Number of protein chains: 2
Amino acid sequence: MKPLLEALRGGTPWPPPIWLMRQAGRYLPEYRAIRARAPSFIEFCLTPELAIEATLQPVRRFALDAAILFADILLVPHALGQDVTFVENEGPKLAPVRDSAALAQLSDSRAGEKLAPVMKTIAGVRAALSEHVALIGFAGAPWTVATYMIEGAGGSDFEHTRSLAYNDPEFFAALLDRIADATAAYLIAQIDAGAEALQLFDSWAGAVPASLFETAVISPTARIVRAVRTRHPGVPIIGFPRGAGSHLRAFAEQTGVDAVGIDQMTSLMNAAAALPSRVALQGNLDPVLLRDGGAAMAAETRSILAAMRGRPFVFNLGHGVLPSTPPEHVAELVSFLRGK
Amino acid sequence: MKPLLEALRGGTPWPPPIWLMRQAGRYLPEYRAIRARAPSFIEFCLTPELAIEATLQPVRRFALDAAILFADILLVPHALGQDVTFVENEGPKLAPVRDSAALAQLSDSRAGEKLAPVMKTIAGVRAALSEHVALIGFAGAPWTVATYMIEGAGGSDFEHTRSLAYNDPEFFAALLDRIADATAAYLIAQIDAGAEALQLFDSWAGAVPASLFETAVISPTARIVRAVRTRHPGVPIIGFPRGAGSHLRAFAEQTGVDAVGIDQMTSLMNAAAALPSRVALQGNLDPVLLRDGGAAMAAETRSILAAMRGRPFVFNLGHGVLPSTPPEHVAELVSFLRGK
């Protein structure tokens, strides 16, 4: 069995399998070279020839255990008809959805068609991968996607989102349900096309007020997990509620995910103690350590391995690869890990 | 005894005492009126006449249990000789300190003199307060202050700071010690001048990697607490490691603080279960709920009170008052609380 899938299903291959969030992207010169070939970031993601190449670049360079689909979490709002653009050096801009009227304008009737290129990318990547390398599909989790849809941009405070969650809970629940259902359909299609595991990125879970965590994170994640399981019971799902340290146990116990991604702010040792032993852990090297490389990276890697030995575990970063990361440091990390 | 001090010393006055982080500030028209009278924000903080007025404004308007010194956490780097300016709509800018040579340029020899106006502010406020209202002094905690000193600006990722902490631990430890010692002297002087309780704001504790939490947060906080206690054993100290949910127990057990401020991302109920019962809790209404007011604010306030009844507790927000908050909502909150 591919080592990644073995670990996600409760096995303990050692050294552990490794992949890196944002392993495809700007830190690679070959990525920057092809990025220039599409007029917009959305079109880049939706051009299979380019997205296949971007997905494969890191697994060609490094002995990683998985490729992860090159795409963006905002493809779902785009597929629902929301206006999404990526502005150079500013990030995404969306026409905000803040009431039922705006929500009613969105429709999933053309979502399958709009996202069809992603399925071509998955099929193309899967055909090109060697027999030891798994293909991970992914989507944004509903809370994180909702923050972009409501705020209309990236950010870190999400005041509009929190305000609507408190003061218009019906609208907020309807929006989360809409995102969850579109996301479940999208992920099921990814598996149909060849994805062998899934990750749900809840990058802004750390900003969710405690009184909303069940509504905003746990319940929509569980809804997606249930829907995907119904169609594809054997495909492991990794949840990554970044920054949600004090809620990890509830997240692991109540969402049904097979594995939990741990950020670098949370101790893997504490997470291992708090989470059910059936749940695999994934993480959590600080991306700054990968960027800097050298002795500090090696020391932290050793300490992660010592804490995780004997536990179902996937080595990863605590967040995405930084654009300033020298590719040689990734090679250095993988080689260090393989030597363990 | 003043209700705030009673709760911080382990008593359970009910309804609980209340104050609000950033209760003095831009949301008050009378604050905006006096802010214009100083040429820079630093000068505003260091002009006792203006800082006394800013500190007293909220306790004149609302039946709060405490005034908190109006000042800024960057007065400590300013007092150490670092160049600190506040740029309108951009936030603070500092000449970054990233190596031992830059650190050696800083000196505490004039710190007492530079911070003397703060002591005048404290004495002036204390003389004006009614007998039920306590005066809280404060400072930034070393990690949070270090992020500004190293990055040279506000931010949320602190990549330079993390990188230095990993790769130049001697420099990083020396910087934290320097900040901690200057902060302890500053807080001791605040008590000498009339402060009756202290809060250490570690606003960016949530960004600290787990492997650095002891070094960056717990140890420097404990160093300050020990130094202040030696001189003023009876003055309660509140630690506020914002965003550090999964580390709260270690923070409460190992720093020696009397009370822990809880942000809105952490459940007060879970915090109460995790923390030693001698430690008072403070928090954690979402500032967005205060800004919006009404039924959602009342419901969450009721739920906070239900969770905290019988526990040493100080009502507060989970972070500072938002500038867009209508002052009437503060009056509404205080009156709702007093009716309980």
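Check the straight Cα-Cα distances from A:K340 and name the lysines below 20 Å, setting aside those fewer than 8 residues away within the same chain. Qualifying lysines at Cα under 20 Å: A:K2. Straight-line cross-link reach from B:K93 at under 12 Å between alpha-carbon atoms covers these aspartates and glutamates, not counting any fewer than eight positions away in the same chain: B:D83, B:E151.
Distances between every pair of Cα atoms in the protein assembly as shown, grouped in 10 Å steps from 0 to the bin holding the largest one, split as 3, 15, 25, 26, 18, 10, 3, 0 percent. A point 7 Å from Cα along Cα→Cβ stands in for B:G11, and the other copies hold the same point at 6.4 nm, listed in rising order. Quick one: net charge of A:P15's neighbours, Cβ under 14 Å, K/R +1, D/E -1? Around A:P15, the surrounding residues sum to +3. Note on B:E214 and A:R302: the model spin-label points, each 7 Å out from Cα along the C-beta direction, lie 1.6 nm apart. Positive contributions from Lys and Arg (+1) and negative ones from Asp and Glu (-1), summed over other residues with Cβ under 11 Å from the Cβ of A:L4, come out at -1. Between the listed residues B:P312, A:A51, B:A102, the Cα displaced farthest toward the positive end of the dipole of the protein assembly as shown, a dipole computed from Cβ unit charges relative to the Cα centre, is found at B:P312.
Taking only the C-alpha atoms of segment B:1-116, Rg followed by Dmax gives 17.5, 53 Å. Inter-label distance, B:A174 to A:A273: 3.5 nm, where each label sits 7 Å from its Cα along the C-beta direction. Across identical copies of the chain, A:E170 has label-point separations of 6.6 nm, listed in ascending order, with the point defined 7 angstrom from Cα along Cα→Cβ. Taken along the Cα-to-beta-carbon direction at a fixed 7 Å, the label points for A:F336 and A:S40 span 4.1 nm. Note on the protein assembly as shown: with charges restricted to the Cβ of Lys and Arg (+1) and Asp and Glu (-1), its dipole about the Cα centre is near 1080 debye. Given R₀ = 22 Å, what would the calculated FRET efficiency be for A:H160 paired with A:N89, taking r from the Cβ atoms and rounding to 0.05? According to the calculation, E is roughly 0.45. Partner aspartates and glutamates whose Cα lies under 13 Å from the Cα of B:K120, excluding those fewer than 8 positions away in the same chain, are identified as B:E49, B:E53, B:D192. Using the empirical formula 2.2 N^0.38 Å as the baseline, the Cα radius of gyration of chain B reaches a ratio of 0.93. With R₀ set to 60 Å, the beta-carbon distance separating B:E131 from A:A104 gives a calculated FRET efficiency near 0.55. Here is how far apart the B:G91 label points are across copies: 1.2 nm, shortest first, using a point 7 Å from Cα toward Cβ.
Among beta bridges identified by DSSP and lying wholly in segment A:3-338, the antiparallel ones come to about 15 percent.
Note that segment A:167-302, at 20 °C in a medium of 1.002 mPa s, gets a Stokes-Einstein diffusion coefficient of 134 µm²/s from its Kirkwood radius over C-alpha pairs. With Cα atoms as the point set, segment A:219-276 shows a radius of gyration and Dmax of 11.7, 35 Å.
Other residues within the sphere of radius under 14 Å centred on the Cβ of A:L106, judged by their own Cβ, net out at -1 (K and R +1, D and E -1).
Return a whole-number percent for the relative contact order of chain A, with Cα pairs under 8 Å and 6 or more residues apart as the contact set. With pairs under 8 Å counted, the relative contact order is 21 percent. Take each peptide in B:223-230, B:16-23, count the other Cβ atoms within 10 Å of every residue, and average; sorted highest first, the result is B:16-23, B:223-230. For segment B:74-123 versus segment B:162-212, the inter-centroid distance based on Cα atoms is 14 Å.
Values quoted throughout were computed directly from the atomic coordinates according to the rules given, and no laboratory measurement underlies them. Here the structure is a predicted model, which is why all the values come from computation and not from measurement. Counting neighbours? That spans all protein chains shown, and the Cβs are built from the backbone with ideal geometry, glycine included.
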